[in-house]
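A.B. asks: Input: one structure, supplied below.
Please treat every number below as a calculation from the coordinates, not as lab data. Being a predicted model, the structure only gives us computed values, none of them experimental. With ideal geometry, Cβ positions are generated from the backbone for all residues, glycine too; neighbour counts draw on all protein chains shown.
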Amino acid sequence: MIHLWRKIHGWPADPRWVLKLSLLIAGVAVILYPKPWLMVTLAQRSRALDSLIQPELQEVGELAAKVQRRVDTAAARLQQEKPTSRPQLRPAEFALLLVEAEVYQRIKYSHDWDTWGVMEYLPTAEEALRSGREDCDGRAIVAASVLRRMGYEAWLVADMVHMWVETPTGQTMSPGSGGTLLVAGVPGSPKTELASRLLVLGGMARGFVYGASVFPLGRALLILALVAVLTLHPWASGWRQWAGVLTMLIGLMCLRASGAKAIVEGSGQDIAIVSGAVLGILLGWLTMAIWAKKYRRLA
């Protein structure tokens, strides 16, 4: 194996890096999606998120009826009370709050890796209800289904980290703060639409930081090891190899420690730690990738 690796490094740079990049993409794909058919399903569903909303389901109808009873009870109570100077919630606004509370109680939060065994998955409302646990997108899909069953217009909106529900009355399911990137199911436009192309790169960066923070540590270390192995040159000095790997590892652990807080809370200290962590990972990679040409040999 070592002889083969040295032989590959005797190739010209272009085919060598094409091979390494191909191995990296294939390896990362297997680590992130050990169930590759779910990646195909994700790609198909991402183009039409509105199709995941299922107001016709019996369980959705039961949730909608439960919420509607509470809305009606609250409305009747308000009619009996004396008018006050305090602003009163309209039935639609109250419905948003109640649907959010019911969905949070019915669908426990769980990352897709724990629920489906892959990095990211978009369930139908039926799948989310059947599993009983989901992350923000599954919860939002169920909430939108319930609201539509109750007769409200509701559609899905998302950034690269979070998904929530938009209605003419307002938002529900803990609206995100990263800027809306995807809009799905607006009346008259059932296809998923990109809300702002200018925010895509920033959204991808936020998604990477958050994903690296919450992804299972073992899988994250596998990706780091894969990057390190494909980067290491067989004739690079030992200190360069160890320094590069150690720097990348420290950067990854700092990223995991502060990444989620930096995205959710946006504190300056956490953002600074994340920025330093990303630079550390890049520096570690460069330490391994750039080696003195005087050590170049033929296989």
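A.B. asks: I want the local charge near LEU4. Using Cβ-Cβ distances under 14 Å, sum +1 for each Lys or Arg and -1 for each Asp or Glu among the other residues. Working shown, then result.
C.D. replies: On the way: positive: ARG6, LYS7, ARG16, LYS20; negative: none.
For residues surrounding LEU4, the net value is +4.
A.B. asks: Just want the answer: with Cβ charges of +1 for Lys and Arg and -1 for Asp and Glu, which residue in ALA143, TRP113, PRO15 is farthest toward the dipole's positive end in the chain?
C.D. replies: Working it through, the farthest residue towards the positive pole turns out to be PRO15.
A.B. asks: Please give, to one decimal in nm, the separation of the simple spin-label points placed at ALA272 and LEU24, each 7 Å out from Cα toward the Cβ.
C.D. replies: Taking the two extended label points, one gets 3.1 nm.
A.B. asks: So what are the radius of gyration and Dmax for the Cα set of the range 39-195, in Å?
C.D. replies: 16.1, 57
A.B. asks: Taking the square root of 5 times each eigenvalue of the Cα gyration tensor, what semi-axes in Å does the equivalent ellipsoid of the chain have, largest first? Before the final figure, lay out the partial values.
C.D. replies: On the way: eigenvalues 470, 82, 47 Å².
Rounded to whole Å, the semi-axes are 48, 20, 15.
A.B. asks: To continue, here is another question. Have a look at LEU96, LEU252, LEU279 and tell me which one the Gaussian network model of the chain (Cα, springs below 10 Å) gives the largest fluctuation.
C.D. replies: Ranking LEU96, LEU252, LEU279 by mean-square fluctuation puts LEU279 first.
A.B. asks: For the chain, take the longest principal axis of its alpha carbons; what is the angle in degrees between that and the long axis of helix 238-264, to the nearest 10 within 0 to 90?
C.D. replies: Helix 238-264 and the main axis of the chain meet at about 10 degrees.
A.B. asks: Scanning the chain for trypsin sites (Lys or Arg not before Pro) in DSSP loops with at most 12 other Cβ atoms within 10 Å, what's the longest stretch left with none? Please list the in-between numbers first.
C.D. replies: Values: sites that count: ARG47, ARG296, ARG297.
It runs 48-295.
A.B. asks: What distance in nm lies between label points placed 7 Å from Cα along the C-beta direction at LEU97 and TRP242?
C.D. replies: 6.1
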